[in-house]
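So the structure is just underneath, and the comments pick up after that.
The values are calculated or read from the model by the stated rules, or taken from the named source; none is laboratory data. Quantities reported herein were computed from a predicted structural model and do not represent experimental measurements. For neighbour counting, all protein chains shown are included, and Cβ atoms are generated from backbone atoms with ideal geometry for every residue, glycine included.
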Amino acid sequence: MRLLKLIPDDTHIPFVKWRHIAVSLSVIVVVASAILLFTRGLHFGIDFTGGILIEISTDGPADIAELRRDLGGLGLGEIQIQEFGQADDVLIRVQAPDSEDEAASQRVVDMVKAELGDRAVEYRRVEVVGPQVSGELVQDGILAVVIAVVLMLIYIWFRFEWQFALGSVISLIHDVMATIGVFCILQLEFNLASIAALLTIVGYSMNDTVIVYDRIRENLRKYKKMDLSELLDLSINQTLSRTIMTSGTTLLALAALFIFGGAVLRDFTFAMIFGIFVGTYSSIFVGAPVLLAIGVNRDGSGGAAQTAKESAAGKA
Amino acid sequence: MLYFERWKVVLIVLLCFAGLAYSAPNFVPKAQLENVPGWLPNKQINLGLDLRGGSYMLLGLDTRGLEHSRLQDLVNEVRNALRDVRVPYTGLGIQGGMVTVTITRAEDVEKARVAIDNLATTVSGNVFSGLPERDLLVNATGQRIDVSVTEAAKLAQLQAAVQQSIEIVRRRIDELGTTEPVIQRQGADRILVQVPGLEDPQQLKELLGRTARMNFRLVSNAMSAQQAIATRTVPAGTEILYSAEEPREPYLVERRIMVGGDRLRDASPGFDQRTGQPVVNFRFDSIGGRQFGEVTRENVGRPFAIVLDNEVISAPRINEPILGDSGQISGNFTVQEATNLAILLRSGALPVDITILEERTVGPGLGADSIAAGEIAALIGAAAVVVFMIASYGFFGVLAVAALVLNVLMLFGILSILQATLTLPGIAGIVLTIGMAVDANVLIYERIREEVLAGKGPVPAIETGYNKALSSILDANITTLISAAILFQMGTGPVRGFAVTLAIGIITSVFTAYTVNRLMISVWLRRSRPKAIVL
């Protein structure tokens, strides 16, 4: 039996040569994401804005326009109504009542339920998040991502040299920003599950970068005289097959989840699928070039800056 | 690397069998599990509310209200203390979070200070010192005396209020007859309630949102409520309260309480024998019965009000002294309302107002759909990974798949042992684990491929492959573990479920994909002694 090989055994792809294109692309993506974040902004779910989410199933296909008209007539501020997954499944989002009173939201739920009446055959989900809790969830969410990145930085610093730690964190921030950019462009709902997706992406991206770095470190010991950019290319090529294989199996599993896992998980899964792509890209095109730019300590005598200069000179 | 000592082999095999055994109950219908003897593993994975349906509610205690009512009590205590020592004063009231009073004569200040100081009791101190502390701080400046409640006392009061509230919330929920509700403290002033499998969360909300402070008071005969509203003056010792039902009618009610709700011994829903209306029947304890009897004897002909949370439920006229210890509340209730009120009265009043800060309710339909969708996604995802692995690595792929199956079963087993909660994002975590678990095998096999290409024989190539891949495997998995740990720490409910499956999945995958897989290959090598390996 012939075995499937996605990547030939002995590749010599000059990844490092393409670093200028790759870095420009990455910088554009990160900057664009930052601009999008501040202009268009994230479409925050009720976890972070406070408010009400009700999922109902109706008897037969739902008349969204009619629901929109009737619920809009209640004067509850902005109401979003959309089909969710299938035609007889409707998702209703109501803005948080403009009030410090935590009980106000519960009264809004009662009003919506009264208006829906018999049209709702089943209340599949009711979520109410008050202003106090949503504020805390925002704080905790941001804190979680920041702590994760910092801990990774410390771990890599501990296991490798500081240059590697810096490189991996730069590619992490790159991945997180790119994913946030996609959330902004597609206006996917950004909620607690999205934070979970972001942290998983952080973990995966780190995982991928660490594998490449591990090989770089090994090769640094093995080929003491090799030019750094050549060595980076060699390391990336050696691990390329693994990088693609693992991304492949992970993507297969996530694709199954995306297609068959139901509407509730769809945005969450989509974010992770995107994250796997970016994470794979960054471990090849961001993590390694950063090392080339800041240089690495090759003989343990603290000549990092010098090495960087040498290799830059070597290129010129 | 390929040689295993005997005890290690035994240990690895035992661990695998334990994983299998503990995951087994999940594949058996729940009804059959009851026949399984107790010494066998018989625990299934705990499904989260988002999978089995149910309500999650985060209740917040009104701490400001709690502090305010403490200060109001303090005003009364100070008034009584000053009256006892016959010290004239002016301006007794609450100001800026403390009770202040101005003593009329300068020579009385010391006497007053001592009298107020005697009101203080001790509370157990903070966590650091553990020493008992005073609950009041009395400060005299000139003729003004400020009394404030110490932080330790506020904390102790909050502790007590939370404890008591949890107890009362539990009693109310128990009345609903649901199975396995979770009621626990969260943070300083919050209570987390999880009630699985509830058909109608509305009743739960009605029961939790009410303080249920009930009392019986006389309706004032000084003037009518309409008069009081028209003249905008309320006679001393009275207040205007409105009826609970629409149209909301005002009542001028005496502040003094005839009998408090804490004197109720029992309450149950029933029907009025003459009108057939739903009512709540109640019984006083002996003290309450005596108090009620006395007041009704002295006030025949006057109406009295049954007040619940500052709303008048009904205001019947006292036709004759009510000397028995039982009574009836009729207030145009529906059957449901009468049932709820009886539950509230039976379980007692909350020491503090409670609001629902967060509610997440999932109907049983969505939960069942989620499980079904999750199962399909997991099976298809696993099948795809299996095909891909075998196509890529042939016989070695089969070994990796065997490790993967073992991995998932062990993950189920550990989730069952820990009684961890499986949520919908948790299922996503399992599917993700399936995709990422083979990473270790991929790393090892790719490494072996390289070594074979470099011209090494089967045994040294495999040996080097395992050796060199280990540090990468550990580094890669520890980073993901860090993410999972933070998610667990920060997340609540469903997200926490994701973190749990992800973390356990990482640990089991390193064990199965590295250790168990290595054992399999070492056995295979010894049995077949291959001349070359196909990879």
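Taking helices (runs of 4 or more DSSP H) as the structural unit, those lying wholly within the stretch A:91-204 and holding at least 3 residues that are β-branched (Val, Ile, Thr) and either closer than 30 Å to A:Val290 by Cβ or within 11 Å of another protein chain (Cβ to nearest Cβ) (or both) correspond to A:131-159, A:162-186.
Every test in (1) surrounded by fewer than 18 Cβ atoms within 10 Å (Cβ to Cβ); (2) more than 10 Å from chain A (Cβ to nearest Cβ) is passed by B:Phe395 save one, and that test is (2). Look at A:Asn237 and say whether it is polar (S, T, N, Q), over 21 Å from the mean Cα position of the chain (by Cα) and at negative phi. Judged against the criteria, A:Asn237 is a match.
Which one of B:Leu350, B:Leu357, B:Leu366 is within 30 Å of B:Gln186 (Cα to Cα), touching a residue at least 60 places away in the same chain (Cβ under 8 Å) and more than 14 Å from every other protein chain (Cβ to nearest Cβ)?
None of the other options fit; the residue is B:Leu350.
Here's the yes/no breakdown for (1) in contact (Cβ under 8 Å) with a residue 24 or more places away in the chain; (2) more than 30 Å from A:Glu78 (Cβ to Cβ):
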site: A:Leu6; (1), (2): yes, yes
site: A:Val16; (1), (2): yes, yes
site: A:His20; (1), (2): no, yes
site: A:Val29; (1), (2): yes, yes
site: A:Ala34; (1), (2): yes, no
site: A:Leu37; (1), (2): yes, no
site: A:Arg40; (1), (2): yes, no
site: A:Gly45; (1), (2): yes, no
site: A:Thr49; (1), (2): yes, no
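Search the stretch B:136-152 for residues being charged (D, E, K, R) and modelled with pLDDT of 90 or more, and hand back the single one that is surrounded by the fewest Cβ atoms within 10 Å (Cβ to Cβ).
B:Arg144
Any residue at all in the stretch A:147-165 that is surrounded by fewer than 18 Cβ atoms within 10 Å (Cβ to Cβ), closer than 20 Å to B:Leu58 by Cα and not charged (D, E, K, R)? So far as the stretch A:147-165 goes, no, none of its residues is surrounded by fewer than 18 Cβ atoms within 10 Å (Cβ to Cβ), closer than 20 Å to B:Leu58 by Cα and not charged (D, E, K, R).
Here B:Ile313 meets each of (1) more than 14 Å from every other protein chain (Cβ to nearest Cβ); (2) closer than 30 Å to A:Val129 by Cβ; (3) hydrophobic (A, V, I, L, M, F, W, C); (4) in contact with a helix residue (DSSP H, G or I) (Cβ under 9 Å, 6 or more places away or on another chain) with one exception, condition (2).
Do any helices (runs of 4 or more DSSP H) entirely within the stretch B:426-535 hold 2 or more residues that are at the interface with chain A (Cβ under 10 Å from one of its Cβ atoms), and if so, which?
B:439-453, B:458-490, B:493-510
Residue pairs whose Cβ atoms lie under 9 Å apart, sitting 6 or more positions apart in sequence or on different chains, and linking a residue in the stretch B:274-286 that is farther than 19 Å from B:Met214 by Cβ to a partner that is of a type outside the set (Gly, Ala, Ser) and in a loop (DSSP other than H, G, I, E, B), are B:Gln277/B:Asn332; B:Gln277/B:Phe333.
Scan the stretch B:502-535 residue by residue and report those that are among the polar types (S, T, N, Q) and without any contact (Cβ under 8 Å) to a residue 24 or more places away in the chain. If the condition is that a residue be among the polar types (S, T, N, Q) and without any contact (Cβ under 8 Å) to a residue 24 or more places away in the chain, then B:Ser528 is the only one that fits.
Of all the listed residues (B:Pro196, B:Pro201), the sole one being within 14 Å of chain A (Cβ to nearest Cβ) and touching a strand residue (DSSP E or B) at 6+ places or on another chain (Cβ under 7 Å) is B:Pro201. Cβ separations smaller than 6 Å between residues 6+ apart or across chains give the following pairs from the stretch B:330-347 residues that are more than 13 Å from B:Leu308 (Cα to Cα) to residues that are hydrophobic (A, V, I, L, M, F, W, C) and part of a helix (DSSP H, G or I): B:Ser347/B:Ile168. For the stretch A:179-232, the tally of residues that are farther than 22 Å from A:Thr249 by Cβ and not aromatic (Phe, Trp, Tyr) stands at 30. In summary, helices (runs of 4 or more DSSP H) completely within the stretch A:1-83 and bearing 2 or more residues that are within 14 Å of chain B (Cβ to nearest Cβ) and either crowded, with 19+ Cβ neighbours inside 10 Å or of a type outside the set (D, E, K, R) (or both) occur at A:46-49.
Against the test of being aliphatic (A, V, I, L, M), within 13 Å of chain A (Cβ to nearest Cβ) and surrounded by fewer than 19 Cβ atoms within 10 Å (Cβ to Cβ), the options B:Ala378, B:Ala383 yield a single qualifying residue, B:Ala383.
Given the criterion touching a Gly at 6+ places or on another chain (Cβ under 9 Å) and over 30 Å from B:Ala469 (Cα atoms), identify the matching residue among B:Gly38, B:Gly54. Answer to the check: B:Gly54. Consider the stretch A:236-268 and keep the residues that are facing chain B (nearest Cβ under 7 Å) and among the hydroxyl-bearing types (Ser, Thr, Tyr). The one that is nearest to A:Leu220 (Cα to Cα) is A:Ser241. For the residues A:Ile216, A:Ile211, the requirement of being under 22 Å from A:Thr239 (Cα atoms), surrounded by 21 or more Cβ atoms within 10 Å (Cβ to Cβ) and more than 9 Å from every other protein chain (Cβ to nearest Cβ) singles out A:Ile216.
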